Amino acid sequence: MLRELLPSLLYPREIYSLFKMKFRSYNVASTSSKAQEDDDLEFCYTLLNKVSRSFAYVIQQLPLSLRNSVAIFYLILRGLDSIEDDMNLDNELKIDLLQHFFEKLQCDAWFIEHVGDSEDHRLLLSHFYKVIRVFKTSQPSYQNIITTIIRKMGKGMAEFVHVLTNKNKSMCIDTVKNYDLYCHYVAGLVGEGLSQLFVESGLETASVAQDKCLWNSVGLFLQKTNIIGDYFEDCHLTGGGRRWWPKEIWSKYGVHRLEDFTLKPDAPESLSCLNAMINDALRHVPDCLHYLSRLENERIFIFCAIPQTRAMATLLEFYNNPQVYRRKNVQVRKGLAALTMLDSSNFGNVKYTFRKFALQMSDKVVKNARHCVDETRRQELCQMSVIKESFTLKLDSSKQKTLET
């Protein structure tokens, strides 16, 4: 606890937020009363806390009527991701598993061993039959939504594995257009699935799921933030097998290989490339805020808002930071992360948080102007202007429903 407090000593609200979060339960409890179902749910929620403690907290914000289905949706997605991320898996087997993974949701006893890039992910896939059993307790309409999203996502992932490995012998994106398409498959579709679940539950109106630009941007903003932060791991800890930064961006900054930025992380060209990647992610912010402004249920809003505000805080930490090239875990202060979570209770607070981080990033852009490539600076200033304009979005206070359990 002391190690978490020290970076926040100059920020009293962060220390208060840390203590408040510390004494809340991080572990998600199951809501079933049936013996077999309860055993499977206990396994699923225990594993959920292992593979993503941040999501384990966020999911507690959801209404009970949605909580189990969204938790299982997330674990199914993690299973699919684990197959894609395993760089030791034969590509033909990987493509087949990705394409047909949605069908496994109807196979009561299905599991696969020794697949996954971490022990927790291998544990998930080797006990996947437990996830399937819980999945089948969801109402049929929820099952249909999840199955459809997994089918689309698996097909898209398989296409990229096939095309990129045949072309480059490694996962390497060439254009920003293909970068957006890949992020759509692995994250934008998650936004679609969640939006459809919200609407199907009756807690949100149909408009939440109708605008692809909005729910897609919600997913892309989070995915691109993760891809920027995973630079070191993807380039150096997977045998160079994953390169998600698009060549259309990084090839402008004086290197022949993406991993070469590690050799000169403090160079102006290296930092300009990093900032260009951040700038690309920031173009999704207006759509993300627009999406959040449409949410009426308070608990669903908080569930969606926390990852978005944390991503914005993370991009601020990444901006012009050579440590992104040096190690794999550049993160925001624990206190700041706790504060952004607690401040994500309504649209006004979220808009204020985004504006605060955008202004801090604008200050960095101006201070960094003399060191950065002219085109990068022009794009950064233009993007900051677009983001600031998005803060004119307003939400009618009568629109958001009272807190539901």
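Table for the structure above
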read-out	value
Residue ranges of helices (runs of 4 or more DSSP H) in region 41-134 with at least 1 members of a type in the set (D, E, K, R) and closer than 23 Å to residue 159 by Cβ	64-85, 91-104
Neighbours by Cβ (under 8 Å, 6+ apart or cross-chain): first from region 186-205, without any contact (Cβ under 8 Å) to a residue 12 or more places away in the chain; second in a helix (DSSP H, G or I)	199/208; 199/209
Residue match in region 80-90 (condition: surrounded by fewer than 18 Cβ atoms within 10 Å (Cβ to Cβ) and of a type outside the set (Asp, Glu))	yes
Subset of region 320-359 that is surrounded by fewer than 21 Cβ atoms within 10 Å (Cβ to Cβ) and hydroxyl-bearing (Ser, Thr, Tyr) - its residue that is nearest to residue 274 (Cα to Cα)	353
Residue pairs meeting the criteria (Cβ under 7 Å; at least 6 apart or on separate chains; first assigned by TED's automatic domain parsing to the domain that holds residue 234, in region 254-267; second part of a loop (DSSP other than H, G, I, E, B) and not aliphatic (A, V, I, L, M))	258/245; 259/240; 265/322; 266/322
Lone qualifier among 195, 217, 207 - being closer than 16 Å to residue 293 by Cα and either aliphatic (A, V, I, L, M) or within 12 Å of the chain's Cα centre (by Cα) (or both)	217
Scan of region 169-185 for residues that are in contact (Cβ under 8 Å) with a residue 40 or more places away in the chain, out of contact with any Phe, Trp or Tyr (no Cβ under 6 Å at 6 or more places or on another chain) and not acidic (Asp, Glu), ordered by number	170, 171, 172, 175, 176, 178, 179, 183
First in region 128-145 and under 13 Å from residue 74 (Cβ atoms), second anywhere and of a type in the set (A, V, I, L, M) and part of a loop (DSSP other than H, G, I, E, B), Cβ under 8 Å, 6 or more apart	135/105
Residue under evaluation residue 233, criteria (1) surrounded by 17 or more Cβ atoms within 10 Å (Cβ to Cβ); (2) in contact (Cβ under 8 Å) with a residue 24 or more places away in the chain; (3) part of a helix (DSSP H, G or I), criterion not met	(1)
Hits in region 236-280 (condition: more than 15 Å from residue 173 (Cα to Cα) and outside any helix (DSSP H, G or I))	237, 238, 239, 254, 255, 264, 265, 266, 267
Test: residue 83 is modelled with pLDDT of 90 or more, within 25 Å of residue 334 (Cβ to Cβ) and assigned by TED's automatic domain parsing to the domain that holds residue 123	no
Of all residues making up region 62-119, the number that are under 25 Å from residue 191 (Cβ atoms), β-branched (Val, Ile, Thr) and over 21 Å from the mean Cα position of the chain (by Cα)	1
Single match in 154, 202 (criterion: modelled with pLDDT of 95 or more, under 30 Å from residue 243 (Cβ atoms) and either part of a helix (DSSP H, G or I) or out of contact with any helix residue (DSSP H, G or I) (no Cβ under 6 Å at 6 or more places or on another chain) (or both))	154
Lone qualifier among 164, 189 - being among the hydrophobic types (A, V, I, L, M, F, W, C), assigned to a helix (DSSP H, G or I) and modelled with pLDDT of 95 or more	189
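Residues are listed down the side, and each one gets a yes or a no for (1) modelled with pLDDT under 95; (2) in the same structural domain as residue 209 (by TED's automatic domain parsing); (3) within 20 Å of residue 348 (Cα to Cα); (4) in contact with a Ser or Thr (Cβ under 9 Å, 6 or more places away or on another chain):
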site	(1), (2), (3), (4)
252	yes, yes, no, yes
276	yes, yes, no, yes
299	no, yes, yes, yes
317	yes, yes, no, no
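The values are calculated or read from the model by the stated rules, or taken from the named source; none is laboratory data. Note that the coordinates shown come from a computational prediction; the quantities given were computed from them, not determined experimentally. When we count neighbours, we look across all protein chains shown, and the Cβ atoms used for this are built from the backbone with ideal geometry, even at glycine.
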